[in-house]
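Contents: one structure, followed by commentary.
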Amino acid sequence: MQPYFFPYVGYFQLVAAVDVFVVYDNIQYTKQGWINRNRILRCGEAAMLSLPLKKASDYADVRERELAASFRRDKMLNQIRGSYRHAPYFDATFPLIEAVVRYDENNLFRFLHHSIARVCEYLGLTTVIRVSSEIAIDHGLRSQDKVIALCRALGAAMYVNTLGGMDLYSREVFRAQGIHLKFIRTLPFEYPQFGGEFVPSLSIIDVLMFNPLATVRARVASGYELI
């Protein structure tokens, strides 16, 4: 799975659903994706929260990208504080957010890897997290072939992906390799957000700000189905 910046709750449900979670570092960075940005609630609407990056080749891998010198951690924290300071679980959640944003690392992948690990720890997830480049396969492989190679290297009997993978991966091809292919679907989860109309699919930040930790842990652990 690609590394994302404070991803939505479904990302952590995927982590919870597996024994080993592989996060890609040697995958090409994609613009306009979720690798270095996500959405939070601001004035009742979805607003983008982004990590600025240094200029680099369009073909650079995630592990080759660096945070921009213009990145002001205090400014980002103030944006989050301004959006959620009146949320019911702000005091409980903000120290986690601060620990992630203030992490002293400018390499994009290492920064994101740390953030994912910290949030997983906060959510009580004990899934083993592996970095793709550290697994002995032919890293020249792409897409489905690379996923199958990773599964075989790890001795996996099942591979779980998001619903977006349904157009990319074939159950028959995986089955021929002795691997059961499943897709994860997040079940509906609405909660009060300052009394306005619910804005769905926001960062895990939003979920944690408006829900008790026990509720979030329960949703992460069981608020999904495998199909």
Kindly indicate the residue of segment 83-102 that is over 19 Å from L41 (Cβ atoms) and not in a loop (DSSP other than H, G, I, E, B) and also nearest to the chain's Cα centre (by Cα) among those meeting that condition. A99
Scanning for something part of a loop (DSSP other than H, G, I, E, B), more than 24 Å from Q13 (Cα to Cα) and among the β-branched types (V, I, T), does segment 127-138 turn up at least one residue? yes
If I go through segment 2-32 residue by residue, how many of them are assigned to a loop (DSSP other than H, G, I, E, B) and not acidic (D, E)? 15
Please verify whether segment 160-179 includes one or more residues that are within 20 Å of G10 (Cβ to Cβ), in contact with an Asp or Glu (Cβ under 8 Å, 6 or more places away or on another chain) and not basic (K, R). no
Given (1) in contact (Cβ under 8 Å) with a residue 12 or more places away in the chain; (2) of a type in the set (G, A, S); (3) surrounded by fewer than 15 Cβ atoms within 10 Å (Cβ to Cβ), number of the condition A46 does not satisfy: (3)
Segment 28-43 - residue that is touching an Asp or Glu at 6+ places or on another chain (Cβ under 9 Å) and either among the polar types (S, T, N, Q) or modelled with pLDDT of 95 or more (or both) and, of those, nearest to L154 (Cα to Cα): Q28
Quick check: is even one residue across segment 178-200 out of contact with any helix residue (DSSP H, G or I) (no Cβ under 7 Å at 6 or more places or on another chain), among the small types (G, A, S), assigned to a helix (DSSP H, G or I) and closer than 30 Å to A87 by Cβ? no
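Residues checked against (1) over 30 Å from L51 (Cα atoms); (2) loosely packed, with under 14 Cβ neighbours inside 10 Å; (3) of a type in the set (F, W, Y):
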{"site": "I116", "(1), (2), (3)": "no, no, no"}
{"site": "V119", "(1), (2), (3)": "no, no, no"}
{"site": "S143", "(1), (2), (3)": "no, yes, no"}
{"site": "L154", "(1), (2), (3)": "yes, no, no"}
{"site": "A157", "(1), (2), (3)": "yes, yes, no"}
{"site": "P188", "(1), (2), (3)": "no, yes, no"}
{"site": "S222", "(1), (2), (3)": "yes, yes, no"}
From the list D74, D58, D25, which residue is touching an Asp or Glu at 6+ places or on another chain (Cβ under 8 Å) and not small (G, A, S)? D25
Please pick out the residue among S70, S57 that is part of a loop (DSSP other than H, G, I, E, B) and modelled with pLDDT under 95. S57
Any chance segment 211-221 includes a residue that's modelled with pLDDT of 95 or more, in a helix (DSSP H, G or I) and closer than 17 Å to N38 by Cβ? yes
Note: among I35, I80, just one is of a type in the set (V, I, T) and in a helix (DSSP H, G or I), namely I80
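The values are calculated or read from the model by the stated rules, or taken from the named source; none is laboratory data. All figures in this text were calculated on a predicted structure; none of them were measured in a lab. Note: ideal-geometry Cβ built from the backbone for every residue, glycine included; neighbour counts use all protein chains shown.
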